[in-house]
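The values are calculated or read from the model by the stated rules, or taken from the named source; none is laboratory data. Keep in mind that what you see is a predicted model, and the values were worked out from it rather than measured. Here the Cβ is made from the backbone with ideal geometry for all residues, glycine too, and neighbour counts use every protein chain on show.
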Amino acid sequence: CRVCGKSVKDTDIQTHLGEHIRKSLREVPEDGLKYPVAESYPCGTCGRSMNDGACAIRIKSGKCDSDCPSTYAFQIRAASTFRDTRPCTNVPIPC
């Protein structure tokens, strides 16, 4: 995880980073972070701001395509399905 430095599997990064994003939005302090979560439009896989286009996301045929260096290939439908083991879906939403 770019934000905290913890080793996280690609398939778990959205859930993990979603926790950082939620805490940041609610102003819950986290000790020992390497980088803060962006205040404006944080990327769901690295926490940087998406305002500058560095982490642009495109949804093509139900799959996520991103310029983010921390992203991985995933399908929107599968990622958006709530599970007890993955309560945070943290999927891109079309604007």
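Given (1) surrounded by 13 or more Cβ atoms within 10 Å (Cβ to Cβ); (2) out of contact with any helix residue (DSSP H, G or I) (no Cβ under 9 Å at 6 or more places or on another chain), where does residue 69 come up short, assuming only one miss?
In the conditions (1) surrounded by 13 or more Cβ atoms within 10 Å (Cβ to Cβ); (2) out of contact with any helix residue (DSSP H, G or I) (no Cβ under 9 Å at 6 or more places or on another chain), residue 69 misses (1) alone.
Go through the residues of the range 19-39 one by one and say whether even a single one is at pLDDT below 90, touching a Cys at 6+ places or on another chain (Cβ under 9 Å) and either among the polar types (S, T, N, Q) or surrounded by 13 or more Cβ atoms within 10 Å (Cβ to Cβ) (or both).
Of the range 19-39, the ones at pLDDT below 90 are none.
Within the range 19-39 (the criterion being at pLDDT below 90, touching a Cys at 6+ places or on another chain (Cβ under 9 Å) and either among the polar types (S, T, N, Q) or surrounded by 13 or more Cβ atoms within 10 Å (Cβ to Cβ) (or both)), the answer is no, since none of the residues qualifies.
Just wondering, is there one or more residues in the range 5-13 that are part of a loop (DSSP other than H, G, I, E, B), at pLDDT 95 or above and over 19 Å from residue 85 (Cβ atoms)?
Within the range 5-13, one or more residues are part of a loop (DSSP other than H, G, I, E, B), at pLDDT 95 or above and over 19 Å from residue 85 (Cβ atoms).
Which of the following residues is buried (at least 19 other Cβ atoms within 10 Å of the Cβ), at pLDDT 90 or above, of a type outside the set (Gly, Ala, Ser) and part of a loop (DSSP other than H, G, I, E, B): 55, 46?
46
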